[in-house]
1. Among the residues in the range B:144-152, are any modelled with pLDDT under 85, assigned to a loop (DSSP other than H, G, I, E, B), farther than 19 Å from A:E192 by Cβ and near DNA strand D (Cβ under 10 Å from one of its atoms)?
2. Of the numbered conditions (1) within 12 Å of DNA strand C (Cβ to nearest atom); (2) acidic (D, E); (3) within 14 Å of another protein chain (Cβ to nearest Cβ), A:E171 fails exactly one; give the number of that condition.
3. Just the residues that are aliphatic (A, V, I, L, M) and at the interface with chain A (Cβ under 8 Å from one of its Cβ atoms), please, taken from the range B:1-24.
4. Filter the range A:182-203 for residues that are within 13 Å of DNA strand C (Cβ to nearest atom) and farther than 24 Å from B:L196 by Cβ; which is surrounded by the most Cβ atoms within 10 Å (Cβ to Cβ)?
5. Tell me which residues, restricted to the range B:157-198, are touching a residue at least 24 places away in the same chain (Cβ under 8 Å) and within 26 Å of the chain's Cα centre (by Cα).
6. Can you spot a residue in the range B:38-52 that is β-branched (V, I, T) and within 14 Å of the chain's Cα centre (by Cα)?
7. Of B:V127, B:V163, B:V174, which residue is over 21 Å from A:R195 (Cβ atoms) and surrounded by 16 or more Cβ atoms within 10 Å (Cβ to Cβ)?
8. Do you know which of the residues in the range A:25-60 that are within 14 Å of another protein chain (Cβ to nearest Cβ) and out of contact with any helix residue (DSSP H, G or I) (no Cβ under 8 Å at 6 or more places or on another chain) is nearest to A:K77 (Cα to Cα)?
There are 2 protein chains.
Amino acid sequence: MMKIEVLLVEDQGMVLGALAALLNTEPDITVSGTAGNGRVALDLMAKKPPQVLVTDIEMPQMTGLELAAEVKERFPKTRVVILTTFARPGYLRRALDAGAQGYLLKDRPAAELAEAIRRVHRGLRVVDPDLAAEAWTADPDPLTDRERQILQRAGDGMSTADVARELGLSEGTVRNYLSESIAKLGVSNRIEAARLARSKGWL
Amino acid sequence: MMKIEVLLVEDQGMVLGALAALLNTEPDITVSGTAGNGRVALDLMAKKPPQVLVTDIEMPQMTGLELAAEVKERFPKTRVVILTTFARPGYLRRALDAGAQGYLLKDRPAAELAEAIRRVHRGLRVVDPDLAAEAWTADPDPLTDRERQILQRAGDGMSTADVARELGLSEGTVRNYLSESIAKLGVSNRIEAARLARSKGWL
DNA sequence: CTTCGCGTATGACATTTGTCATGCTGACAA
DNA sequence: TTGTCAGCATGACAAATGTCATACGCGAAG
C-alpha cells in the first residue's frame, strides 16, 4: 500500500513538530517533509513534490495563500490543504481562488486533519462547514487592489506621505483612496477601516 | 519505570491532539488527559492530579495564568508549564508569580517540550532563554494609567472626540496624552504607538 | 460607435490630529 | 513651611488626515 506523502508548512516549531507526530500515527499517511516558511517549502518540493501540502496561512516571508498559488502553478499535481486559526471568509475565498482543495480550522478535533488529507488526496474538496456557510452569506470584499494596498500600509502606521512615496502617488490621491475605503466600509477613520478589513480577511 | 503523567490544556483542538501525539512518542512521558479549557482541566485534576500540567495562556473562560494560580493553590504537587505563542515579558512575570515552573514558546523546536517537562518534573525551572533575557533588559512600561486608557481606545479606532466624551475630558487633553505617549514611545502617530504598546504587553 | 461605469488620479477645502507653552494640584523631601 | 516634581488638564497653533468635485482612459453593454 502506498502511503500518502504530506509536506507540512507551519511557522511555529512546536506546532509543526506536533502535527508531524500526529500524522505519523496514521497508518496510511507519512510526513515526507516539514518547513517553517513558504520559501523552504518550495525548495523541498523542487526535489520531491508531495501528494498533499498542508500549510498555515500567516507566516513570515510568504503567506500560505501565496504559497498555494505558486504550488498550483509549479506543481499542479500536489493538492493543497490550508490549516489555519482564522475563520475569515476572505481567506477562504482567496484560498479557493489560489487553488487550495481544503480549508480547515485549528479549532477542529485533531482527527479531522488526517481525514481531510485523505479526502483531498482522493480528489475531493474539504471546507470547514461552519465557515463555508458564513462565507456564503458574507459580503464580498468591496475594495479595489489599490485601496487594499494603501489600507494595508496605513493600518501599519504609515503616514499618508510615506504611502504616497512608496507607491509613487500624490498625497492627495492616497488620501482619496483612504477616504473611499472608509466610506465603503462604513467606518469613520483609517484605523477602523484597517481593523475591519483585516478581521474580514480582506488584507 | 514510572512515566511522567501530563495533563494538556489548549483550546485549539487540532493543536491539542497534535501535542498529545507528540508527547506520546516519548518513552518516559504519558498524556493522562487533555482539556480544551481551564474548567475542564480542574475537573479532571480533581479525580487524578497529574505530575505536570502543560497549558496555553489565551483560552476562553479561564486563562492559563488563572489556571496556574488555582492549581498552585489546590494541587501544589503538580508542576505547571506555560506553553504560549506570546513572548511578552508581562506574561512571563505573571506566570512565575502564579507559580508556574516553566514558560515555553510555541516558536521553539518540538523537542524542547518533552525536555522542559522532564526538567520541570525534576524540580527545575525552565524559562525560554531569549524571553528571560528580554524580560531582564526590557524597558518597563513608560505609560501612565491615563495614557494607557487613552491609547487603548485610540488604537481601537476611536476618534479624539469619542475618547474625550467617554472619559469626560476635553479633546485637547486627550490629544495631549496621545502626544505624550507618541513621544515616550518614540513613534510618529497614534497607530504606531498603540501597535508598539500592545506588542510589549502594555495595553 | 457611443455610452456607461469603474478604476485611477488630482488639488482645494474642512476637519481631525499632534505639538507646545502653560497652569493647577497633591505628595514627598528638605 | 517651602521647594520641587510628577501627573493631570487646557487651549492656541501647526501639521496631517478626510471629503469632495472633477477629470481621464479603458473595457463592457447597448
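1. yes
2. Failing condition for A:E171: (3).
3. Selection gives B:M14, B:V15, B:L16, B:A18, B:L19, B:A20, B:A21, B:L22.
4. Selected residue: A:K184.
5. Listed by number, the residues that qualify are B:S181, B:K184, B:L185, B:R190, B:I191, B:A193, B:A194, B:R195, B:A197, B:R198.
6. No - not one qualifying residue is present in the range B:38-52.
7. B:V127 is the lone residue from the list that is over 21 Å from A:R195 (Cβ atoms) and surrounded by 16 or more Cβ atoms within 10 Å (Cβ to Cβ).
8. This residue is A:N37.
The values are calculated or read from the model by the stated rules, or taken from the named source; none is laboratory data. Here the structure is a predicted model, which means the values were calculated and not measured. Because the Cβ atoms are built from the backbone with ideal geometry, glycine has one as well, and the counts that use them run over all protein chains shown.
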